Amino acid sequence: MRPYGCIADRVMLRTITFWNRGVTCVLISYGLKNFTWLLGILSVRGKKHGGLGVFSAKSWNYAAATELLWMIHLKKDLLWIKWIHGNYLQNQNVWEIQGRTYDSWMWRQILKVRDMLINKFGSTDNVKNAIEGCFSKDKLKLSEIYMCLIQPMPKVSWFSTAWDEFLYPKHSFILWLACNQRLLTKDRLCRMGMMSSNQNQCVLCCGHQLETSKHIFFECQFSADVWNRVMDWMRFRWRSCYWDLIISWYSCNLKGRGPLRKLKRMCLSAAVYMIWDERNRRIFQGKMRDPSQIFRAIRLSVFTRVLNVSSHAHMIDLLEVL
Ligand SMILES: [Zn+2]
């Protein structure tokens, strides 16, 4: 590294390092290291696209470097950019200049990001067009660059079913896992080589059925009993114990902000959570409850939520007539 490269590199390093959201992303990513390993790339998708909406630190840093690249391209009136043009570029184009072995680490990283962008978008002109599409009110938006860089995914229909703000966060999370078929059911554990195939029976029923996500929600005799009680309580006119049909019905017919629809969404998330909890209690604690006790726990969680959130007080009347 050339000695006079240090000051400009520090300025660039600060620009990247102290970018608030970038730092937040790094911390979140560090804290959730094992968690993201477990869920793969799923968690960094947006919630509407089936993920958890966690920002990818890697993609966010690429976006921040892309913004620096664009500032260099525009020859912004900043000291460190003037320094870059005077010492590294020397009247050459930032999109064409080749890195040299004695260039500073930071400059080589920016050139690496430039090469990655050209490779991703096909040509320099395409990169420029993509970045120009990330402006909002004449300001380059880092979040737009980030969205441009991450892989676009189709939206999921069950977004409003799983992520209603009225739901308990822990219920939403288990429902989200169930919708993505990511709960660690015994069939998955067998496929992952963490359990032998003679241990894969459902613990909720005594029919020696294979424990899959669809069996637990709600084809299993035990969980179907619980779910039928919930549907009776909520006076469902349409009924099913098949997961795909239930999720499809909720996604199409139980969207919106009506109080009864909110209650029905809450009942589904609470039922999924309580049944999964019961399955775990039986496996890890050897404790058992019957369907009526699970149903009572679901009702209690719904009443507790409604009675403790003042903005949903109008739902109390509705619950009383059900
Ligand atoms: Zn079962």
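The values are calculated or read from the model by the stated rules, or taken from the named source; none is laboratory data. Predicted model, so just to flag it, every value in this text is computed and none were measured. Here Cβ is always computed from backbone atoms with ideal geometry, including for glycine, and neighbour counts include all displayed protein chains.
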Within segment 168-183, restricting attention to residues that are in contact (Cβ under 8 Å) with a residue 24 or more places away in the chain and either among the aliphatic types (A, V, I, L, M) or within 12 Å of the ligand (Cβ to nearest atom) (or both), which residue is farthest from R265 (Cα to Cα)?
-> L183
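Determine, yes or no, whether L260 is under 28 Å from the mean Cα position of the chain (by Cα), assigned to a helix (DSSP H, G or I) and within 21 Å of R182 (Cβ to Cβ).
Taking the combined requirement at face value, the residue does not satisfy it.
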Could you grab me the full set of residues in segment 121-134 that are exposed (fewer than 15 other Cβ atoms within 10 Å of the Cβ) and either part of a loop (DSSP other than H, G, I, E, B) or at pLDDT below 90 (or both)?
-> G122, S123, G133
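I'm checking my understanding of the structure. Among residues of segment 242-252 that are out of contact with any Ser or Thr (no Cβ under 8 Å at 6 or more places or on another chain) and not aliphatic (A, V, I, L, M), which one is nearest to the ligand (Cβ to nearest atom)?
Looking at residues that are out of contact with any Ser or Thr (no Cβ under 8 Å at 6 or more places or on another chain) and not aliphatic (A, V, I, L, M), I get Y242.
One line per residue, one yes/no per condition, for (1) of a type in the set (S, T, Y); (2) modelled with pLDDT of 90 or more; (3) closer than 25 Å to W238 by Cβ:
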{"residue": "W176", "(1), (2), (3)": "no, yes, yes"}
{"residue": "T185", "(1), (2), (3)": "yes, yes, no"}
{"residue": "L189", "(1), (2), (3)": "no, yes, no"}
{"residue": "M192", "(1), (2), (3)": "no, no, no"}
{"residue": "S196", "(1), (2), (3)": "yes, no, no"}
{"residue": "Q201", "(1), (2), (3)": "no, yes, no"}
{"residue": "L204", "(1), (2), (3)": "no, yes, yes"}
{"residue": "T212", "(1), (2), (3)": "yes, yes, yes"}
{"residue": "F222", "(1), (2), (3)": "no, yes, yes"}
Any chance you could count how many residues in segment 52-66 are under 14 Å from K141 (Cα atoms) and either of a type outside the set (S, T, Y) or assigned by TED's automatic domain parsing to the domain that holds W163 (or both)?
-> 5
Can we say A224 is among the small types (G, A, S), touching a residue at least 40 places away in the same chain (Cβ under 8 Å) and closer than 17 Å to C205 by Cα?
-> no
What single numbered condition from (1) surrounded by fewer than 17 Cβ atoms within 10 Å (Cβ to Cβ); (2) within 18 Å of R299 (Cα to Cα); (3) within 12 Å of the ligand (Cβ to nearest atom) fails to hold for Q221?
-> (2)
Yes/no for D164 being within 30 Å of T304 (Cα to Cα) and in contact (Cβ under 8 Å) with a residue 12 or more places away in the chain | yes
Contacts under 7 angstrom Cβ, first residue in segment 190-213 being within 14 Å of R279 (Cα to Cα) and more than 9 Å from the ligand (Cβ to nearest atom), partner assigned to a helix (DSSP H, G or I) and of a type in the set (A, V, I, L, M, F, W, C), 6 or more apart = N200/C190; S213/A178
Is there a residue being under 20 Å from N61 (Cβ atoms), acidic (D, E) and assigned by TED's automatic domain parsing to the domain that holds A57 anywhere in segment 117-140?
-> no
Could you say whether any residue in segment 143-155 is out of contact with any strand residue (DSSP E or B) (no Cβ under 7 Å at 6 or more places or on another chain), within 20 Å of R261 (Cα to Cα) and not assigned by TED's automatic domain parsing to the domain that holds W70?
-> no
Show the residue pairs that are 6+ apart or on different chains and have beta-carbon atoms under 8 Å apart, the first residue being within segment 45-71 and closer than 17 Å to H85 by Cα, the second being in a loop (DSSP other than H, G, I, E, B).
-> L69/V94; M71/L78
Taking the stated definitions as given, is M231 away from the ligand (no atom under 15 Å from the Cβ), at pLDDT 90 or above and hydrophobic (A, V, I, L, M, F, W, C)?
-> yes
K186 versus (1) surrounded by fewer than 21 Cβ atoms within 10 Å (Cβ to Cβ); (2) within 16 Å of the ligand (Cβ to nearest atom): which is the lone unmet condition?
-> (1)
Criterion (touching a Pro at 6+ places or on another chain (Cβ under 6 Å), crowded, with 20+ Cβ neighbours inside 10 Å and either under 21 Å from E165 (Cα atoms) or not hydrophobic (A, V, I, L, M, F, W, C) (or both)) met by exactly one of M315, M266, M274 | M315
